[in-house]
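The values are calculated or read from the model by the stated rules, or taken from the named source; none is laboratory data. In this text the structure is predicted, and so the values were computed from the model without any measurement. Reconstructed Cβ throughout: ideal geometry from the backbone, glycine too, with neighbour counts over all protein chains shown. Accessible surface is based on the protein model in full, side chains and every heavy atom, while ligands, DNA and RNA are left aside. Shrake-Rupley method; radii C 1.70, N 1.55, O 1.52, S 1.80 Å.
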Amino acid sequence: MAIKEVLKMGDPRLLRVAEPVTEFGTSELQQTVDDMLDTMIALKGAGIAAPQIGINLRIVIFGFEHNPRYPDVPPIPLTVLINPLIVFQTEETAEAWEGCLSVPGMRGLVPRVRCIKYSGRDTQGHTIERTVADFHARVVQHECDHLDGVLYPQRIRDLTKFGFIEALEAAGLIPSIPKETNPGNKGNL
Ligand code: NI
């Protein structure tokens, strides 16, 4: 078990374009994926990308069962996606609040394409392909942005809709979570 330090916005390593994985089924790849998983679980995130732990490879992990921050959102299966490719299925976008482990304590209102087809590989090199919508599509777009050096604040259209969780909760802009069910970083992607 290795929980890694998550790089924070401002660190230039988050702004790089990550390199494709070329070898599958290796112990190094499994180690990287295990470290990402341990870190995501320890920080109660809903997703993480390899560059966030300083590894410049095109690997993302996402998934959750129940998220108190988004109680109406259906679960997303825990997925390791390597060398992902996204194809937009519509031009329609929707806005929703996002957080990120690299931007702790904050949320911003981000437009994302509502329906996408994504493909990529698992750690053994097997193909994964899914067509998804709404929050699932949002999570994948957020994580894949990390592989191109893009953080969600760069996607916000109206910077008046970007702020600290406590202040946004107090203003009624995001739902306030009772302390006993506080998801911590659960809303972070
Ligand atoms: Ni993120």
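Note on residue 72 and residue 148: their simple-model spin labels are 3.0 nm apart, each label 7 Å out from Cα toward Cβ.
Based on protein heavy atoms only, the chain ends up with 49 Å² per residue of surface accessible to a 1.4 Å probe. The helix-based estimate of mean residue ellipticity at 222 nm for the chain, built from -39,500 (n - 2.57) per DSSP H run of four or more residues and divided by its residue count, is -6000 deg cm²/dmol to the nearest 500. Residue-wise HN-Hα couplings along the range 29-42, as the Karplus relation 6.51 cos²θ - 1.76 cosθ + 1.60 with θ = phi - 60° gives them from phi, are 5, 4, 4, 4, 5, 4, 5, 4, 5, 4, 5, 4, 5, 4 Hz; Gly and Pro carry x.
Rolling a 1.4 Å probe over the protein heavy atoms of the chain, with every protein chain left in place, gives an accessible area that is 53 percent carbon and sulfur. For the chain, the share of DSSP beta bridges that are antiparallel, to the nearest 5, is 95%.
What does the charge count near residue 84 come to, summing +1 for each Lys or Arg and -1 for each Asp or Glu among other residues with Cβ under 9 Å from its Cβ?
Working: positive: 58, 121; negative: 143.
So the surrounding residues net to +1.
Potential lengthening of the chain between residue 38 and residue 122 amounts to 28.5 nm, from the contour at 0.36 nm per residue minus the alpha-carbon distance.
Its relative contact order, with pairs defined as Cα atoms under 8 Å and 6+ residues apart, puts the chain at 26 percent.
Here the contact order of the range 10-101, divided by its residue count and restricted to Cα pairs under 8 Å and six or more residues apart, works out to 25 percent.
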